[in-house]
1. Among (1) in contact (Cβ under 8 Å) with a residue 40 or more places away in the chain; (2) farther than 29 Å from ARG15 by Cβ; (3) not charged (D, E, K, R), there is one condition PRO51 misses while meeting the rest; what is its number?
2. How many residues does the range 72-127 hold that are in a loop (DSSP other than H, G, I, E, B), surrounded by fewer than 18 Cβ atoms within 10 Å (Cβ to Cβ), of a type in the set (Gly, Ala, Ser) and modelled with pLDDT under 90?
3. If you take the residues of the range 147-169 that are in contact with a helix residue (DSSP H, G or I) (Cβ under 8 Å, 6 or more places away or on another chain) and among the small types (Gly, Ala, Ser), which of them is modelled with the highest pLDDT?
4. Can you say whether VAL23 is surrounded by 13 or more Cβ atoms within 10 Å (Cβ to Cβ), within 15 Å of LEU147 (Cβ to Cβ) and in contact with a Cys (Cβ under 7 Å, 6 or more places away or on another chain), as far as the supplied structure shows?
5. Of everything in the range 161-197, what is of a type outside the set (S, T, N, Q) and exposed (fewer than 14 other Cβ atoms within 10 Å of the Cβ)? Give them in sequence order.
6. Among all residue pairs at least 6 apart or on different chains, which show Cβ distances below 9 Å where the first residue, located in the range 183-198, is over 15 Å from LEU141 (Cβ atoms) and the second is of a type in the set (Phe, Trp, Tyr) and assigned to a helix (DSSP H, G or I)?
7. Which pairs turn up if I take residues in the range 151-179 that are without any contact (Cβ under 8 Å) to a residue 60 or more places away in the chain and look for partners that are assigned to a helix (DSSP H, G or I) and polar (S, T, N, Q) with beta carbon separation below 6 Å, at least 6 apart in sequence or on another chain?
Amino acid sequence: MSSPDSAASGGAAGRGLPRLFDVAVSCLGLLVLAPIVLLIAVAVKLASRGPVLFRQVRVGRGGPTFELLKFRSMRVGESGPEITAAGDSRVTGIGRSLRRSKLDELPGLWNVVRGDMALVGPRPEVPAYVDLDDPSWRSVLSVRPGLTDPVTVALRNEEELLASVEEPEVFYKRVLQPYKLAAYERYLSERTTWSDLKVLWQTFMAVFQPARTPPPSVEEIRARVEDDHGTRA
């Protein structure tokens, strides 16, 4: 019997990167990057009290939740919104560097090995922002969430965007999340193995040469959401 990831033909899951590829690359990444992972772990531990890893519940494929692993970038014991804007006082000094470079995401490779995630796929969301009755969410959650995707690459300045608006959480719920959902659906409708490989390359380039592809502005995001809403109305 075939697995959902190898099933085929018409589903977006079957057109992405093979599960074997995800596991092999993630294991290799964890092995090759082990010295960097160790250095980051020591730096996080020395920077502030608390665990090295941050564990957050996210919604996985089909609706069940899982624990997403990241290097801890915030001080423990400080409450606040689920989203993080640039300049958030909860973020530590080393945490800012890790978030900017995306190195805080390295432990997520273990989520890929475990099967919670894929290398490429829509980014997993916290349960508070997921509506399983929404057809768009059901479409997006029909595949494994990923460490990266075209939307995440384009919105690499998300924390700066949130810091530039008056009510970050309201903006996230009413504007940014609908923008993401529509973009995820477009991505999944056109997804191929080669497009996912391209996303991996774009992610690499976005980290090391971010100026090559300017991210969208708040105005561009609002305009796109209005266009999408008008198309669906």
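1. PRO51 satisfies every listed condition except (1).
2. Matching residues across the range 72-127 total 6.
3. Of the range 147-169, the ones in contact with a helix residue (DSSP H, G or I) (Cβ under 8 Å, 6 or more places away or on another chain) are 147-156, 158-159, 161-162, 164-165, 168.
Of the ones still in play, those that are also among the small types (Gly, Ala, Ser) are 154, 164.
Working: ALA154: 89, SER164: 86.
Out of the qualifying residues, it is ALA154.
4. Numbers: surrounded by 13 or more Cβ atoms within 10 Å (Cβ to Cβ): yes; within 15 Å of LEU147 (Cβ to Cβ): yes; in contact with a Cys (Cβ under 7 Å, 6 or more places away or on another chain): no.
In short, no.
5. Initial filter on the range 161-197 (of a type outside the set (S, T, N, Q)): 161-163, 165-176, 178-188, 190-191, 194, 196-197.
Listed by number, the residues that qualify are GLU166, GLU167, VAL170, ARG174, ARG186, GLU190, TRP194.
6. These pairs meet every condition: THR193/PHE21; SER195/TYR187.
7. The qualifying pairs do not exist here.
Here is a yes/no grid of residues against (1) of a type in the set (Ser, Thr, Tyr); (2) assigned to a helix (DSSP H, G or I):
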{"residue": "SER136", "(1), (2)": "yes, yes"}
{"residue": "SER139", "(1), (2)": "yes, yes"}
{"residue": "LEU147", "(1), (2)": "no, no"}
{"residue": "GLN177", "(1), (2)": "no, yes"}
{"residue": "THR203", "(1), (2)": "yes, yes"}
{"residue": "PRO216", "(1), (2)": "no, no"}
{"residue": "ALA223", "(1), (2)": "no, yes"}
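The values are calculated or read from the model by the stated rules, or taken from the named source; none is laboratory data. Just so you know, these numbers come straight off a predicted model, no measurement behind them. Note: ideal-geometry Cβ built from the backbone for every residue, glycine included; neighbour counts use all protein chains shown.
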